[in-house]
Amino acid sequence: MPLHPPFDAPRQRQFDLIAFDWDGTLFDSTTIITRCIQAAVADVGGTVPSDRDASYVIGMGLMQALAHAAPDVSKDRYPELGLRYRYHYALYQNDLCLFDGVLDLLADLKARQHWLAVATGKSRVGLDEAFQAVDLKRLFDSSRTADETAGKPHPRMLHELMAEFGVPPERTLMVGDTTHDLEMALNAGCASVAVSYGAHEPDAFHDLRPRAIAHSVAELRNWLLTHG
């Protein structure tokens, strides 16, 4: 458990806790995940989803995502579908990387003493593997995954993170690349910022009232350092 400074300590910022989605927000993985979903569905004989439909489910829990992407695959084949997705993902995992500028962004926020967290649709095993691959775990104070809480847009991930740090919703910010992230923030009573370079088209974001839509990591960094 991290040591937290007193909640009433002076803070020159609007948000104490900033939670980030992983895939498509910090990690450049959207295209590969889309292809892996399509390959997994093809392997079990389902109708292969379009790029748009496959990318839409990124951010959900794995089984929730695959069920949505392959509605004509029977439920008894979901475990096989999940195994095929993991097989294809493992082939490309070493090709994945952080978006340029992410490490500098996180280091700047840590220097300003924000608490940083990950709230992701990945599994705990998948997130821990990603942390190890890019040596990022040291920059985050906590994390929650869909398999240990609830899939997005259910707010349980954010509720647990806020409770862990004793931070109220109005001092918590969610950053993500999908409508699932933004809807989760709304459901938790938190503010959000969207990024347009991930899985979902930014036209879908406006109704979910993000504070801003960043079109690059540099834009996201500038907004967070100015308004966060």
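Brief remarks on what is shown
- Residues of the stretch 130-179 satisfying the condition of being under 16 Å from GLY61 (Cβ atoms) and of a type in the set (D, E, K, R): ARG144, ASP147, GLU148, LYS152, ARG156, GLU160
- A residue that is outside the structural domain of THR145 (by TED's automatic domain parsing), among the polar types (S, T, N, Q) and touching a residue at least 40 places away in the same chain (Cβ under 8 Å) occurs nowhere in the stretch 72-81.
- When PHE27, PHE99 are checked against the criterion of being within 22 Å of GLY228 (Cβ to Cβ), touching a residue at least 24 places away in the same chain (Cβ under 8 Å) and touching a Cys at 6+ places or on another chain (Cβ under 9 Å), a single residue qualifies: PHE27.
- One residue alone among ASP207, ASP177 is crowded, with 17+ Cβ neighbours inside 10 Å and either within 24 Å of LEU127 (Cα to Cα) or in contact with a helix residue (DSSP H, G or I) (Cβ under 9 Å, 6 or more places away or on another chain) (or both), and that residue is ASP177.
- Selection status of SER55, among the hydroxyl-bearing types (Ser, Thr, Tyr) and in contact (Cβ under 8 Å) with a residue 24 or more places away in the chain: yes
- Note on the stretch 46-104: enclosed helices (runs of 4 or more DSSP H) holding 1 or more residues that are out of contact with any helix residue (DSSP H, G or I) (no Cβ under 6 Å at 6 or more places or on another chain) and either among the basic types (Lys, Arg) or more than 19 Å from PRO153 (Cβ to Cβ) (or both) are 51-56, 78-92.
- Against the numbered list (1) of a type outside the set (S, T, N, Q); (2) surrounded by 16 or more Cβ atoms within 10 Å (Cβ to Cβ); (3) within 30 Å of LEU83 (Cβ to Cβ); (4) at pLDDT 90 or above, GLY126 comes up short only at (4).
The values are calculated or read from the model by the stated rules, or taken from the named source; none is laboratory data. Quick caveat, the model's predicted, so the values are computed rather than measured. Neighbour counts run over all protein chains shown; Cβ positions are idealised from the backbone, glycine included.
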